[in-house]
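Shown next, in structure tokens, is the structure this report addresses.
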Amino acid sequence: MPRKKPSFISIEEAKTAVDVVVRESNLPSADGKKHQYGSIVHRKATVRSILAEMEEYNQSLASKETMFYIAKELSMRMMKKFKQGYSVELLDFGTIFPTIKGSICASDKPSDIKKKFDVGFTPSDESRGALKNLTVRCVHRPPVQHCIFSIVNMFEREERNKLRVGCMAKINGKSIKLGGAKSGLYAAAVEENWNGILPSRKDWILMEHVAQNKPSSLEFYVDELEEGFYVFVVETSLSAGGKCLKKSVVLNTCVVKVEKKHS
């Protein structure tokens, strides 16, 4: 009798929960109704951070310096091809190509057409399939007057949603200036896959060193925090016009990873 083919147990990859922010659209609509648009809150991974992670868990076959050199060399050669008018396949992510944005008039000269050159991108089936791994953890509908857009490490801007103890951080947003009867900037420890419910106020850690306090941005020194995941909480009693509110507004960033200082 023929032998049965060996069966393999398929291991399903763990789902990743993400936050979604929904806002009102200011663009006119054909049906005259108000529409909303959404965005996914995401952290940024760089080549350097991925290589550092591989090295930390002993997953690389070569040193991170060697692999970074190879990645930079490949990037440079791919960019050269793109400058020569080629479409370039970005490994399993998709294809980047030169394209033209908008319409062209019959009277347009070559110089006019050149101004409409743009970058096009077609995601691969693998990239589209990867979205199946994401689930919605929490939907945020921030107040129209007050909202937070992002938080960055001012020393390492490419590392989005990742801070280090002792760094200067910047929160960008709208109407987030601290002031009024009840206000402050805090860090609240959460799990990586946070459920969107803020911890009790008694567990918030006050960030005492705020260097810049503007309606559109807050710059602050990240005080001594334990390594882990946090959301930074902004509480203000000021309106968008700078008037005092009877009730404070509480906003929070997405989940941020806080690491120790560079040794």
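The values are calculated or read from the model by the stated rules, or taken from the named source; none is laboratory data. Since we're looking at a predicted model, the values are computed, not measured. Neighbour counts are summed over all protein chains in view; Cβ atoms, including those assigned to glycine, are modelled from backbone coordinates with ideal geometry. Ligands, DNA and RNA are stripped out before the accessible areas are found, and what is left, the full protein with its side chains, is counted by its heavy atoms. Shrake-Rupley method; radii C 1.70, N 1.55, O 1.52, S 1.80 Å.
Summary of values
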quantity	calculated
Sparse-neighbourhood loop sites, GluC sites (Glu not before Pro) in the stretch 219-263 - DSSP loop, at most 16 other Cβ within 10 angstrom	224, 226, 227
The stretch 13-92: C-alpha gyration tensor shape, a/c 1.5 cut-off, then a/b vs b/c	oblate
Fraction of beta bridges assigned by DSSP in the stretch 92-180 that are antiparallel (%, nearest 5)	100 percent
Whole-Hz couplings from phi, Karplus 6.51/-1.76/1.60, listed for the stretch 55-66; x for Gly and Pro	5, 4, 9, 6, 9, 9, 8, 9, 5, 5, 5, 5
R0 of 35 Å, Cβ-Cβ distance residue 72-residue 127: FRET efficiency to nearest 0.05	0.95
Three-way shape label, the stretch 133-181, alpha-carbon gyration tensor, a/c 1.5	oblate
In nm, spacing of pseudo-spin labels at residue 63 and residue 90 (7 Å Cα→C-beta vector)	3.0 nm
The chain, relative contact order [Cα under 8 Å, separation at least 6], %	17 percent
Residue-normalised accessible area of the stretch 139-251, given per residue in Å² at a 1.4 Å probe	52 Å²
Pairwise FRET efficiency - residue 198 versus residue 247, Cβ, R0 = 22 Å, nearest 0.05	0.85
Amide H contacts of residue 164 (H built 1.01 Å from N, under 5 Å, at least 5 apart or other chain)	259
Accessible carbon and sulfur surface of the stretch 70-217 relative to its total accessible area, %, 1.4 Å	56 percent
Along principal axes, Cα extents of the stretch 184-263, largest first, whole Å	43, 29, 20
More than 36 Å apart - percent of Cα-Cα pairs taken over the chain	33 percent
